[in-house]
Amino acid sequence: MKINRVDFLCSAVKKGQYPAEDLPEIAFAGRSNVGKSSLINLLTNNRNAAKVSSSPGKTRTINFFLINGSFRIVDLPGYGYAKVSKAVSEDWGRMMEEYLSGRPNLVGVVQLVDIRHEPSAQDVQMYDYLRYYGLSGLVVATKADKVSRNEMNKNIALIRKTLSLEKDDAVIPVSALKKTGQEVLLDKMSLLIGAYKGPKEKP
Ligand SMILES: Nc1nc2c(ncn2[C@@H]2O[C@H](COP(=O)(O)OP(=O)(O)OP(=O)(O)O)[C@@H](O)[C@H]2O)c(=O)[nH]1
Ligand SMILES: [Mg+2]
């Protein structure tokens, strides 16, 4: 799959602000500063599609992007940023829960982890949550340019073990800096979109 068009649609903090449920969506989750926005810019080949910043906690809303006029990429707010107040982190939990548990056109979530570190307790919690909702299976290890090939293999094995991945789950190393790994991820995303059969029945 190639992305040749990206349109920013809207930022939302609650359901009433989401776009219609008419197109399949793939969301990106991960701790603050892991590189979610940078990855979206890499995939869409657009340096400014999503805001990237050197100060963590930049993305505080759920941001919807229309891709090739046919599906959406959703940039979720990051977790694990120590400096946010209790009120902000409660808002975060409510916002994520509302989106992840109640979006019938969500086909999958790409979980991002930093290739340099063992996944944190919150990463594990997030991935378990995705698994519970049937949204798991695709993990991206970001900032692959920061490790040697040797370390890469070792760290990917650690990521697989810590997140208790199944054999069929993928861990894809990517680098937004070196622009590597995006084709493999786009192909996986294309499979998810292709398998979409319309919105899930609401319970
Ligand atoms: N070396 C390197 N740096 C990266 C890469 N991807 C992102 N970064 C840097 O990591 C920092 C955070 O990137 P963002 O894309 O804003 O991260 P985010 O996950 O969207 O962060 P929040 O919006 O705060 O949740 C920025 O300084 C990026 O330049 C990468 O592949 N390699
Ligand atoms: Mg961001």
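Each value in this text was obtained by applying a stated rule to the coordinates, not by laboratory testing. Bear in mind the structure is a predicted one, so any value in this text is a computation, not a measurement. Because the Cβ atoms are built from the backbone with ideal geometry, glycine has one as well, and the counts that use them run over all protein chains shown.
Can you give the helix-only mean residue ellipticity at 222 nm for the chain, where every DSSP H stretch with n ≥ 4 adds -39500 (n - 2.57) and the sum goes over all residues, rounded to the nearest 500 deg cm²/dmol?
Values: 5 runs with 64 residues, N = 203.
So the helix-based figure for the chain works out to -10000 deg cm²/dmol.
At a Cα cut-off below 28 Å, give the lysines reachable from Lys51, other chains included and same-chain residues fewer than 8 away excluded.
By straight Cα distance, Lys51 reaches Lys2, Lys14, Lys15, Lys36, Lys83, Lys86, Lys143, Lys146, Lys178, Lys179, Lys188.
List, in order, the whole-Hz ³J(HN,Hα) value for each residue of the range 19-24 obtained from phi through the Karplus relation with A = 6.51, B = -1.76, C = 1.60 and θ = phi - 60°; use x for Gly and Pro.
Karplus-based 3J(HN,Hα) across the range 19-24 equals x, 4, 8, 8, 10, x Hz.
Based on the mean of other Cβ atoms within 10 Å per residue, sort peptides 187-194, 163-170 so the most packed one is first.
Working: 187-194: 16.1, 163-170: 13.0.
The most tightly packed comes first, giving 187-194, 163-170.
Give the dimensionless ratio obtained when the Cα radius of gyration of the range 59-172 is divided by 2.2 N^0.38 Å. It would help to have the intermediate numbers written out before the result.
Values: Rg = 15.0 Å, N = 114, 2.2 N^0.38 = 13.3 Å.
That ratio works out to 1.13.
Treating only the Cβ atoms of Lys and Arg (+1) and Asp and Glu (-1) as charged, compute the dipole magnitude of the chain about its Cα centre; round to the nearest 20 debye.
About 500 debye.
Counting other beta carbons within 10 Å of each residue's own, what order do Ile172, Ile26 fall into, fewest first?
Values: Ile172 19, Ile26 23.
The order, fewest Cβ neighbours first, is Ile172, Ile26.
Dividing the Cα radius of gyration by the Kirkwood radius, what Rg/Rh value follows for the chain?
On the way: Rg = 15.8 Å, Rh = 17.0 Å.
Answer for the chain: 0.93.
HN-Hα J couplings of the range 119-129 from phi, Karplus 6.51/-1.76/1.60, θ = phi - 60°, integer Hz, Gly and Pro as x?
Working through the residues one at a time gives x, 6, 4, 5, 4, 4, 4, 4, 5, 4, 5 Hz.
Summing +1 for each Lys or Arg and -1 for each Asp or Glu, what net charge is found among the other residues whose Cβ lies under 12 Å from the Cβ of Lys188? Provide the component values of the computation, followed by the final result.
Working: positive: none; negative: Asp168, Asp169, Glu183, Asp187.
Cβ neighbours under 12 Å give a net charge of -4.
At 0.36 nm per residue, minus the direct Cα-Cα distance, what do Lys197 and Phe8 gain on full extension? Give it in nm, one decimal, please. Walk me through the numbers on the way to the answer.
On the way: separation 189, 0.36 × 189 = 68.04 nm, distance 2.44 nm.
Extra length from Lys197 to Phe8 when fully extended: 65.6 nm.
Once phi is turned into ³J(HN,Hα) by the Karplus curve 6.51 cos²θ - 1.76 cosθ + 1.60 with θ = phi - 60°, what whole-Hz value does each residue of the range 39-46 show in order, with x for glycine and proline?
Result, ordered by residue: 5, 5, 5, 5, 4, 8, 6, 9 Hz.
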